[in-house]
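Everything below concerns the one structure shown next.
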Amino acid sequence: MSVPSGFLDLPKRVSLSAQTAAAIRKAAGEGVWKEALPSERRLCDLFQVSRPTVRAALQQLAKEGLIEIHQGKRNRLVPGARPAVTAPKSRLVVLVSHRPLAQMTLTAYQGVSEMRSHLSKHGFSTEEFVCPAQSPGTQRRKLEAYVRQNQAFCFVLISLGKELQVWFAARSVPTLVIGSCHPSVQLPSIDVDFRSVCRHAVGTLRSKGHRRMAFLVANYNVAGDLASEAGFLEGAAPRGSDVGVEAIVVRHNGTQAGITSKLDQLFSSARPPTALLVARPQALFFVVVDLLKRGIQVPETVSIISRDHDHLFEDAVSHYRFEDEAFAHRLTRLMLQLVNQGYLSSEPNLIFPRYVSGGTVRHLDSS
């Protein structure tokens, strides 16, 4: 019997054999198969997992008495053992962030607003839970207390640090991360492909003759920033006969005073950078104001690329942007898929924005 994969839920990649068993159990309960399961090869294709994973899942279902395993034949469902399918007990979606949603970037706020609107149409309610950036232990205790008191169907994590991502990954509750996951965390996520963006930015500056550049980024330990640093350094690496460029990552504390201190160090050196890549629009504003105070002209003396977009930039600042609607639609589609299936693949959903050349990058002459 050929069953379209759209009728089945794909397992998320945490405890994969157990998740595969749960997906097969659910499909059997919904009557997708009447008497026997498809072959192991077909189950691998349907659920996008390996044959050892399928075999481990089938062994678990056999122990539960749901199926009978027959070597060389199709595994049969045990009559009367088909589990009932129950609806989720809760239809509450909780948005977890360090700051109120009103303080998000405009693009992210519009995306979350559209997502909440669609969830409401599908009978789901949403609630904000602000977990201020404090010690990991304090954050975990607040989360544990909230989860005990509120029965949520799923969580949306907005720009949370590694510790809280790990906390959610260790639990079976459905979760979606708006932002990037740390390398050790396997959760569904949606974010800009910052690694590729920063690699592209360095390549753009190299093509304009720049050989000394710095990347200014806040020291928040956010996964997207760490990916940005990696892409920046990759872009600066030697290429064939090109020995590469002088490229340094400059981490600051996010304040105007902190950025000014770092710029003091950069431009008091014997070989100051000729180009800057700056993360976050607010930091870019601080950088430009500081350079003007120093009498450093942009782009005549220093070229600047903003990693991120702001609606005030238009075409005046060289930066990366994508249409707000594209982010909102993709986020909404993922969220509806999560509430309908109960889980998502942990593969990251990455968006690569287009480069807007702007007027803050110049080509260096040979001198």
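Please report the antiparallel percentage of DSSP beta bridges with both residues in the chain, rounded to the nearest 5. Rounded to the nearest five, the antiparallel share is 20 percent. For the range 205-229, the residues whose amide N sits under 19 Å from a probe point set 7 Å from the Cα of Ile296 along the beta carbon direction are 205-206, 208-219.
Sorting the segments 27-40, 156-169 by their mean number of nearby beta carbons within 10 angstrom, highest to lowest, gives 156-169, 27-40.
Annotation: extensible slack from Thr138 through Glu234 equals 30.9 nm (criterion: 0.36 nm per residue apart, minus Cα-Cα distance). Based on Cα contacts under 8 Å between residues 6+ apart, the range 194-321 shows a relative contact order of 26 percent. Near Ser189, the amide H atoms lying under 5 Å from its own belong to Val177, Asn349; only residues 5 or more places off or on other chains count, and H is placed 1.01 Å from N. Full extension of the chain between Asp315 and Ile351 gives 10.9 nm of extra length, using 0.36 nm per residue less the Cα-Cα distance. Would you mind calculating the gained length between Glu127 and His363 on full extension (0.36 nm times residue separation, minus the Cα-Cα distance), in nm to one decimal? Answer, rounded to one decimal: 80.0 nm. Annotation: the residues Cys198, Cys131, Cys181, sorted from fewest to most other C-beta atoms within 10 Å of their own C-beta, follow the order Cys131, Cys181, Cys198.
When the C-alpha to C-alpha distance is required to be over 25 Å, the pairs from Lys142/Lys262; Lys26/Lys142; Lys63/Lys162; Lys121/Lys162; Lys34/Lys63 that qualify are Lys142/Lys262; Lys26/Lys142; Lys63/Lys162; Lys121/Lys162. Comparing Ala223, Gly359, Gly258 along the charge dipole axis of the chain, the residue lying farthest to the positive side is Ala223, per the Cβ-charge model. A Cβ-based charge dipole, computed about the Cα centre of the chain with Lys and Arg at +1 and Asp and Glu at -1, lands at about 1160 debye.
Based on Cα contacts under 8 Å between residues 6+ apart, the chain shows a relative contact order of 16 percent. Using 1/(1 + (r/R0)^6) with R0 = 30 angstrom and r between the beta carbons of Glu68 and Asn340, what's the FRET efficiency to the nearest 0.05? That gives a FRET efficiency of 0.45. Rounded to the nearest 500, the helix-only mean residue ellipticity at 222 nm of the chain stands at -12500 deg cm²/dmol, with each DSSP H run of n ≥ 4 adding -39,500 (n - 2.57).
Highest mean first, the peptides 208-215, 294-301 sorted by other C-beta atoms within 10 Å per residue fall in the order 208-215, 294-301. Using the Cβ-Cβ distance between Arg251 and Val78 with R0 set to 51 Å, the FRET efficiency works out to roughly 0.30.
Every number in this text was worked out from the coordinates using simple rules, so none of it is lab data. This one's a predicted model, so the numbers in the text were calculated from it and none came from an experiment. Every residue, glycine among them, receives a Cβ derived from its backbone with ideal geometry; neighbour counts consider all protein chains shown.
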